[in-house]
2 protein chains.
Amino acid sequence: MAQNSSRLTYLDIVSKGKELSSFLLSFFPNSKKVYIQGENRGVNVPFRQIKVAHNGSGEATDHSFFYAYDTSGPYTDPFAGVEIGSGLFPLRAEWIEQRGDCEPYEGRPIKPEDNGWVSVKDKAAILLKNGAQKLPLLKKRLPLRAKAGRRVTQLHYAKKGIITPEMEFVAIRENLGRKGSSLRQGKGPLYSQHSGLAWGASLPEEITPEFVRKEVASGRAIIPSNINHPELEPMIIGRNFRVKINANIGNSAISSSMDEEVAKLVWAILWGADTVMDLSTGKNIHEIRELIIRSSPVPIGTVPIYQALEKVGGIPEELSWEIYRDTLIEQAEQGVDYFTIHAGVLLRYIPYTANRLCGIVSRGGSIMAKWCLAHHQENFLYTHFDEICEILRSYDISVSLGDGLRPGAIADANDAAQLSELFTLGELTKKAWEHDVQVMIEGPGHIPMQLIKENMDLELKHCFEAPFYTLGPLTTDIAPGYDHITSAIGAAMIGWFGCAMLCYVTPKEHLGLPNLEDVKTGVIAYKIAAHAADLAKGFPGAQLQDNFLSYARFHFQWEDQFNLSLDPPTARLFHDENLPQPAAKHAHFCSMCGPKFCSMKITEEVLKYAEKNKLTTDDAFLEGMKEKAEEFRKIKNIYI
Amino acid sequence: MAQNSSRLTYLDIVSKGKELSSFLLSFFPNSKKVYIQGENRGVNVPFRQIKVAHNGSGEATDHSFFYAYDTSGPYTDPFAGVEIGSGLFPLRAEWIEQRGDCEPYEGRPIKPEDNGWVSVKDKAAILLKNGAQKLPLLKKRLPLRAKAGRRVTQLHYAKKGIITPEMEFVAIRENLGRKGSSLRQGKGPLYSQHSGLAWGASLPEEITPEFVRKEVASGRAIIPSNINHPELEPMIIGRNFRVKINANIGNSAISSSMDEEVAKLVWAILWGADTVMDLSTGKNIHEIRELIIRSSPVPIGTVPIYQALEKVGGIPEELSWEIYRDTLIEQAEQGVDYFTIHAGVLLRYIPYTANRLCGIVSRGGSIMAKWCLAHHQENFLYTHFDEICEILRSYDISVSLGDGLRPGAIADANDAAQLSELFTLGELTKKAWEHDVQVMIEGPGHIPMQLIKENMDLELKHCFEAPFYTLGPLTTDIAPGYDHITSAIGAAMIGWFGCAMLCYVTPKEHLGLPNLEDVKTGVIAYKIAAHAADLAKGFPGAQLQDNFLSYARFHFQWEDQFNLSLDPPTARLFHDENLPQPAAKHAHFCSMCGPKFCSMKITEEVLKYAEKNKLTTDDAFLEGMKEKAEEFRKIKNIYI
């Protein structure tokens, strides 16, 4: 029986203990975790198998299973036995060790200011207050870093022609639903799909490890994978792969606690978040981050300037390269997979924001702007970018070049401040690539629909096809409380145009910190946007889920329709509000139209009637219509 | 104090009695109803005035009010004194009478089968059960129809060069926010907006009554306005006007009652529905419709075949032209403003649906398909279309040519069945225009993003720019429970491309009958889509609301931010979840980032600092950037 989640609190998740996986799986009836093994030892790629009753003919069929991309990690594997706070198995440890280019070292000592300058006594008090004492202490590993003179990034290996286990893992994962996949069982209409319009993306019928390597080598895709995050199940971000989504979590000084953030992580990946950013800014942020990374099968991103600012008591003017550098090392040793770095906020661009309706809305951007002005010096993230890259390549941390001057209002879209920064991000992209550092580019923000494609095209051109990673964009400012919708519109469009990852926006955007329900709503809205984008690009295999679900819908397989959907419990709940009886799950109607008016029921009868009466259409007429339809289809060319 | 609505039931609305307007206005703090008078007697066009605290300079300003398009009718006018069931003032009665081309007549007697074949005794029992006995009986007016040989449609008048009071009403209404509007008070950055990309729409800076007349005369726009619906506040549907949205209400045999449907009507127009379709199919549908129309300031649409089918006990084969014709007259006399008529479902197109994944999903389409096959005759709606038009022109009922063969799954999009029907709808458009009947064209449905523009372009070409009215389209099938989002994406896009009205989809689509909260969610999602489309087209004045709201956001005018939004209580509720204290409404931060990290607060400081230190940018550099930005902007031309 599927669970309703609308009243869930993080304590419900934290309290499950060893029952966590069965609790989480209860949201996905008829689903179970399956793995495909790769050639490299330890490459076991997870998928969610959904059993369906599909058998239009009444016979057993070869498509009784649907396979979904699975971001939820060991949490939905009953055999893994993980719970909140237990940490995950370091599946990549062996791969990293075998490359022989890293070494363990003592690491940087943890200082009180890493957790916000609280004394040891204060810290214990805060942990107690937050209920974190219930979490077992994680065994501390020695951090790894590159041996002297070595570069340990996936980009470095790719350029050298090496296919890493991470690349093989990703290839199997992305191949799902395509012709080369061992999980693709069937043929026929259920397996066909529309031609897409890919806007220059290259979408092969089969994803091979070699294709992954080439994409990484070219900089068109990244595999964020810090060597200190061995728990990671590798994933890839690039426009020739499935469009990904990111969920932001993290406490703020006003609200939320430590175990709450881990519960949010598990919750976000359960519903489909591909990466998670920890944007914590309150107390205990080092501890929270440690727990999040040790608990995460997906890449974790951060914005290190947030913590650096905490270390100087929240006063941007007091930031320095030394404090920032120290923070990078601290987080690198913990295993953060990508850093947002606002190195493109240059002193000379700041005055462009003065005439904006909403000035600077990026937190990182505003911090750096204030620093630049206070010191009348160039942004130290820009001037020290080479040193930053030297650190990143020693841990394989990807850089997500932050758009500190992104527009925060429709009025400010695509203006000089935003575009100037974008050109600088292009310059920094080249520099990072020289260091073999993996790069993606962050994008806006608030953009009306007619200006979205310009954003994508400028990014591709000026950042040399490095993956684009946008926040939304929101297509109007007038609906606070519904910005998951204003932005899902823009996200779907920019995903179609070539954006590689979409940062979710929750209903609480602009208003407050999201709770569990907001996190879920944001993730589902963005799964919709990303999937709509994959469909529109003509991503091979993307339409399979639509086809399976629509088949179930048409054949009144209500359980299948729920189970194949992004959110089975909600679909079931909505259906059951009016028709709770078990028999209604086999009924050939729903409460929307009632039994007499169901068009699909009538259509069933129409089709039976047509068959019985050997009703066919005049062949010549059909032929003529086909021609006409094709002629009209050519009109589509106005797009290109 | 704004009201939260999530637990509201229709009884809360019905029970308000004379307090209804203050209850409804409580959802929109600082708002009040204002009217602009036209030159024609009785032309009083309603707007919602929102008082805002905007005064960046600290001084009194000329933009202390924002004006919003107002669909809520007299229900939000405390001086109108209306309540559920009281009916509305017939503001158009005088206009209609003065044209001198109509006459009252006895009208068709109401038969038991009009309410679903219930006996008089049964009927009373059902009314009692539904609580309808609480509603006062409406005074029965004699119906009007055109005098012999006269055509009483807005299209007829427009072609004759006559500007009706309805056209003047619409012109004032649509002129809101434009240069010619008396409600546009200010100048400066708050009043500027981006250039749009209008895809061939013609969007003048000022909407005059003559412009409205020309658009109606050309068939590019319609003003649905049955002469038997004098309570109507006229509105216009056409791609050179604001994009409109429709909300469906109506009971089904499974669920919901009479006063519930009127409560849904009031609720839908409160949040912004421009028209409402009554899709009732259960018992008492004549009575429900009567109450809805008498209670509605917005055009009411229906699908008469639904009621006709009730009259033959739900058996499509037993339908006949005579029963259908009788139903048209019945509903015409009640005042329905537009009829969905599935006259394009031709016998020879039906076999095209046999190979679809989801067959026929339109209720009307499946009914007519079954009739055609059972009789092996051409659709009687097609063969009797001239007679239908003769009825419509005698009452000024617009025809909404139904897309009975629209796709119900991504897999079935833009196929031969759908496009064949579209071409037939074009043929019927011309025929209706010959009768001076106003026409719009219904569209799909389920369409992946890359095929949306083709739909719009084919409609414009083959239906001669008659207004397009689409259901969504849904851009993926995989998210039942979230189809307001899957479809808001497609709706925003097709609205941008030229669609004139968007039929909302609620979260319950495919699963059940929407409740009040679903209706609201559907309306808000579609207000977002329609507004995003207006912005993208560059609709004059559309960006004003975004600018006002973003200005309030940047200046931490929390109350203004809530009040200018589409749903003030929800925005406030989300904010207050973490910061309920009154002082937080003036705080320069929210719980999302906390006090130290608010980027907008830091930006305030940046701007102050820059000003204090006379920080300017090198002029030559600025000039160069401007040129570069303009050069990049030219890339947009790839669209055209």
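The values are calculated or read from the model by the stated rules, or taken from the named source; none is laboratory data. This is a predicted model, so every value here is computed, not measured. Counting neighbours? That spans all protein chains shown, and the Cβs are built from the backbone with ideal geometry, glycine included. Accessible surface is based on the protein model in full, side chains and every heavy atom, while ligands, DNA and RNA are left aside. Shrake-Rupley method; radii C 1.70, N 1.55, O 1.52, S 1.80 Å.
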Point to revise | Translational diffusion of the protein assembly as shown, µm² s⁻¹ [Kirkwood Rh, Cα pairs; Stokes-Einstein; 37 °C; 0.692 mPa s] | key: 104
Study note, to complete from the structure: Expressed as a whole number, the average count of other chain Cβ atoms within 10 Å around the Cβ atoms of A:550-558 is 4
Review point. What net charge is computed for the residues neighbouring B:Phe211, neighbours being all others with C-beta under 15 Å from the C-beta of B:Phe211, Lys and Arg scored +1, Asp and Glu -1?
Key: +1
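Out of all DSSP beta bridges with both ends in the protein assembly as shown, state the antiparallel percent to the nearest 5. Could the numbers behind the result be given before it?
Working: 34 of 84 bridges.
Roughly 40 percent of the beta bridges in the protein assembly as shown run antiparallel, per DSSP.
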Review point. Using a label point 7 angstrom from Cα along Cα-to-C-beta, what distances in nm, from shortest up, separate B:Arg348 from the other copies?
Key: 6.9
Practice item. Read phi for every residue in region A:103-116 and hand back ³J(HN,Hα) as whole Hz from Karplus 6.51 cos²θ - 1.76 cosθ + 1.60, θ = phi - 60°, with x for Gly and Pro. Key: 8, x, 8, 4, x, 6, x, 7, 9, x, 5, 4, 9, x
Check your understanding: Under a point-charge model restricted to the Cβ atoms of Lys and Arg (+1) and Asp and Glu (-1), what is the dipole moment magnitude of the protein assembly as shown relative to its Cα centre, in debye to the nearest 20?
Key -> 580
Study note, to complete from the structure: Non-local residues with an amide H under 5 Å from the amide H of B:Met440, with H modelled 1.01 Å from N and Pro and chain starts lacking one, are B:Val399, B:Ser400, B:Leu401
Practice item. Report the accessible surface area buried between chains B and A, summing both sides, using a 1.4 Å probe on protein heavy atoms only, in Å² rounded to the nearest 100. Key: 12500
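Taking only DSSP H segments of four or more residues, each worth -39500 (n - 2.57), what value at 222 nm results for the protein assembly as shown once the sum is divided by all its residues, to the nearest 500 deg cm²/dmol? Can you show the working numbers first?
On the way: 46 runs with 506 residues, N = 1280.
Value at 222 nm, helices only: -12000 deg cm²/dmol.
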Review point. Residue by residue through region A:342-353, which ³J(HN,Hα) values in whole Hz follow from phi under the Karplus form 6.51 cos²θ - 1.76 cosθ + 1.60 (θ = phi - 60°), with glycine and proline marked x?
Key: 8, 7, x, 7, 8, 3, 6, 7, 4, x, 4, 7
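Leaving out ligands and nucleic acids, note down the accessible area per residue over chain B with a 1.4 angstrom probe, in whole Å².
Working: 20680 Å² over 640 residues.
Counting only protein heavy atoms, the per-residue value for chain B is 32 Å².
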Study note, to complete from the structure: Carbon and sulfur atoms account, in whole percent of the 1.4 Å probe accessible area of the protein assembly as shown, for 53
Practice item. Quick one: net charge around A:Ser72, please, counting Lys, Arg +1 and Asp, Glu -1 for every other residue with C-beta under 9 Å from its C-beta. Key: 0
Point to revise | Rounded to 10°, Cα long-axis angle of helix B:165-174 versus longest principal axis of chain B | key: 30
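May I ask you to list the chymotrypsin sites (Phe, Trp or Tyr not before Pro) in region A:460-544 that are in a DSSP loop and have at most 12 other Cβ atoms within 10 Å of their Cβ? It would help to have the intermediate numbers written out before the result.
Numbers: sites: A:Phe464, A:Phe468, A:Tyr469, A:Tyr482, A:Trp496, A:Phe497, A:Tyr504, A:Tyr526; in loops: A:Phe464, A:Tyr482, A:Tyr504.
Here no loop site has a sparse enough neighbourhood.
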Review point. Per-residue HN-Hα couplings for region A:76-91, Karplus 6.51 cos²θ - 1.76 cosθ + 1.60 at θ = phi - 60°, whole Hz, x for Gly and Pro?
Key: 9, 10, x, 7, 7, x, 8, 9, 4, x, 7, x, 10, 5, x, 5
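With the cut-off at 1.5 for a/c, could you classify chain A from its C-alpha gyration tensor as rounded, prolate or oblate? Show your work: numbers first, answer last.
Working: a/c = 1.69, a/b = 1.47, b/c = 1.15.
It is prolate, given that a/c is not under 1.5 and a/b is the larger ratio.
With loop defined by DSSP as not H, G, I, E or B, and exposure as at most 16 other Cβ atoms within 10 Å, which is the longest segment of chain B clear of exposed GluC sites (Glu not before Pro)?
Numbers: sites that count: B:Glu39, B:Glu59, B:Glu106, B:Glu205, B:Glu206, B:Glu378.
With a cap of 16 other Cβ atoms within 10 Å, the longest stretch comes to B:379-640.
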Review point. If the limit is 26 Å between Cα atoms, which of A:Lys111/A:Lys140; B:Lys16/B:Lys585; A:Lys51/A:Lys527; A:Lys140/A:Lys283 go over it?
Key: B:Lys16/B:Lys585
Review point. Can you list residues whose amide H is under 5 Å from B:His446's amide H, if they're 5+ apart or on another chain and H is modeled 1.01 Å from N?
Key: B:Ala409, B:Leu474
Exercise for review: Note the angle between two axes, namely the Cα long axis of helix B:363-375 and the longest principal axis of the Cα atoms of chain B, as a number of degrees from 0 to 90, rounded to the nearest 10.
Suggested key: 30
Revision key, fill the gap. So, in nm and shortest first, the distances from B:Glu427 to its counterparts in the other copies, with label points 7 Å along Cα→Cβ, work out as 6.5
**Study point:** For B:Gly186, inter-copy label distances in nm, listed shortest first [label point 7 Å out on the Cα-Cβ vector]
**Key:** 5.7
Practice item. Quick one: net charge around A:Ser362, please, counting Lys, Arg +1 and Asp, Glu -1 for every other residue with C-beta under 11 Å from its C-beta. Key: -1
Study note, to complete from the structure: The answer for the longest stretch of chain A without any exposed trypsin sites (Lys or Arg not before Pro) (DSSP loop, at most 10 further Cβ atoms within 10 Å) is A:188-613
Review point. What residues in region A:238-252 lose 10 Å² or more of accessible surface when the other protein chains are added to their chain alone (1.4 Å probe)?
Key: A:Ser252
